[in-house]
Amino acid sequence: MKKALLVVTTLILMMFVAFTGCIPNNSGKDDDSGSKKNSSEESSDDSDDSKSSGVSVDVDGKVSWPKDSMGDIKKPDAKIVAVVKDEASKTTSVAYEDMSKKVALAYIDELKSLGYESLVDLADDEGLMYSGQNSKGESVVFSYGYDSKEGIVIFSKTGATSID
């Protein structure tokens, strides 16, 4: 079961990198507000690389839930630590921490109640992973690690692809 979860997680992360064309990191500089900016958002001239690429990355302690780009998915009961939005693929990824196992299980139930039909529903001794798609073709991926009490929520308006 651990290998299956690792394979699925790796595939999802590879899809995320393919969709966004970048991997967020925390090696940016502080801006005037004290928040970190990813190097893809920094520019030496008047152009804004994040706008031209359609990818925006927000990583700091004051990140909020991107309600406008998460469809009908509600903010989980956890601390939001990073948000990556890719306008081209209509995909938003949100990293979170400080979530209990009980809350994670309830969050998966909430996703199911919103009509996200299960594509992947895994649980083992290391964590949880749920992937679903609704009738509009929107998809969601939710992962949670028991030990770290953190994970990611990925929402895509373009839908998921199935592997047959």
Worksheet item: Of all strands (runs of 3 or more DSSP E) completely enclosed by the stretch 81-142, which ones contain at least 2 residues that are acidic (Asp, Glu) and modelled with pLDDT of 95 or more?
Response: 117-123
Item to complete: May I ask you to verify whether Leu122 is in contact with a strand residue (DSSP E or B) (Cβ under 6 Å, 6 or more places away or on another chain) and over 24 Å from Val84 (Cα atoms)?
Response: yes
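The values are calculated or read from the model by the stated rules, or taken from the named source; none is laboratory data. On a predicted model such as this, the values are computed, not experimentally measured, just so you know. Positions of Cβ are backbone-derived with ideal geometry, glycine not excepted, and every protein chain shown enters the neighbour counts.
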